[in-house]
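In what follows, a structure is listed as structure tokens, so that the remarks can point back to it.
The values are calculated or read from the model by the stated rules, or taken from the named source; none is laboratory data. A quick note: this is a predicted structure, and the numbers were derived from the prediction, not measured. Cβ atoms come from the backbone with ideal geometry, glycine included; neighbour counts cover every protein chain shown.
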Amino acid sequence: MIDAATPDDADALAALAAVTFPLACPPETTPEAITQFIAEKLSPAAFLAYLRDPDYDTVTARPDDGPLDGYALAAYQVPPPDIAELIGAGPASYLSKLYVRPGSIGGGVGYALFNRVRELAVTRGAEQIWLGTNQQNTRAQRFYERVGFERVGTRQFLVGGKLEDDYVFALKL
Ligand SMILES: CC(C)(COP(=O)(O)OP(=O)(O)OC[C@H]1O[C@@H](n2cnc3c(N)ncnc32)[C@H](O)[C@@H]1OP(=O)(O)O)[C@@H](O)C(=O)NCCC(=O)NCCS
């Protein structure tokens, strides 16, 4: 079942994020950089802050029992200037995180989470959805292109003190 996360989910989301974040990193990202990113950006406290912030939507894929299968986090903010140059400055949903538990990848969970993110973006009045994904993360790039995103440029993304190279994708709503 895809539903909105609540502050009670902060611990479960952090546990899932710690397992899934490394899947999106290129092989040369060091374990130390990954550990630092998880500690700083994906802690229970970090998720609690997202869950309490009205400018974010967090959705979960919740099985009947057991741990969460996946989650997505979307932010509604004015795009930063480098991104606005690529996609325009109109209202946009930033798909900050879309992650599926390893055992559930390829089974439609990501698609279901993304569909909810798209519905929420429309409800929020966004004109498009944008995201960044590592240039080596070809599985995610294939997924995003399959659901209608186009590659519009590049950006750099800080993971544990090192800048990683991302592609930026956007989908007009
Ligand atoms: C990228 C990711 C979120 C995609 O989620 P997923 O659950 O693996 O993907 P799905 O199973 O939903 O979709 C896989 C395929 O089925 C399609 N699909 C799934 N359900 C569908 C449905 N009901 N109707 C139509 N198509 C569907 C998808 O479009 C896709 O097509 P493909 O097989 O031709 O590539 C997931 O692989 C993941 O978490 N990867 C590791 C972490 C990561 O890299 N996250 C992205 C960070 S930017």
Look at residue 81 and say whether it is away from the ligand (no atom under 12 Å from the Cβ) and over 25 Å from residue 6 (Cβ atoms). yes
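Among the residues of the stretch 99-131, which ones are of a type in the set (A, V, I, L, M), assigned to a strand (DSSP E or B) and more than 11 Å from the ligand (Cβ to nearest atom)?
Step one: of the stretch 99-131, the residues of a type in the set (A, V, I, L, M) are 100, 105, 109, 112-113, 117, 120-122, 126, 129, 131.
From the residues that got through so far, the ones that are assigned to a strand (DSSP E or B) too are 100, 129, 131.
129 - this is the single residue of the stretch 99-131 that is of a type in the set (A, V, I, L, M), assigned to a strand (DSSP E or B) and more than 11 Å from the ligand (Cβ to nearest atom).
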Go through the stretch 1-58 and give me each residue that's under 13 Å from the mean Cα position of the chain (by Cα) and β-branched (Val, Ile, Thr). 20, 58
Any idea how many residues of the stretch 154-172 are crowded, with 16+ Cβ neighbours inside 10 Å, away from the ligand (no atom under 14 Å from the Cβ) and modelled with pLDDT of 95 or more? 0
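Quick check: is even one residue across the stretch 96-103 over 11 Å from residue 117 (Cβ atoms), crowded, with 22+ Cβ neighbours inside 10 Å and of a type in the set (A, V, I, L, M, F, W, C)? Explain how you work it out, then say what you get.
Here is the first cut: in the stretch 96-103, the residues over 11 Å from residue 117 (Cβ atoms) are 99-103.
Those still in the list that are crowded, with 22+ Cβ neighbours inside 10 Å too: 99-100.
Then keep just the ones that are of a type in the set (A, V, I, L, M, F, W, C); that gives 100.
The answer is yes, given that some residue of the stretch 96-103 is over 11 Å from residue 117 (Cβ atoms), crowded, with 22+ Cβ neighbours inside 10 Å and of a type in the set (A, V, I, L, M, F, W, C).
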Among the numbered conditions (1) over 23 Å from residue 169 (Cβ atoms); (2) surrounded by fewer than 20 Cβ atoms within 10 Å (Cβ to Cβ), tell me where residue 90 comes up short. (1)
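Given 45, 5, which one is among the small types (Gly, Ala, Ser), closer than 26 Å to residue 168 by Cβ and either out of contact with any Ser or Thr (no Cβ under 9 Å at 6 or more places or on another chain) or crowded, with 17+ Cβ neighbours inside 10 Å (or both)? Write out each step before concluding.
Values: 45 fails: closer than 26 Å to residue 168 by Cβ.
From the options 45, 5, the qualifying one is 5.
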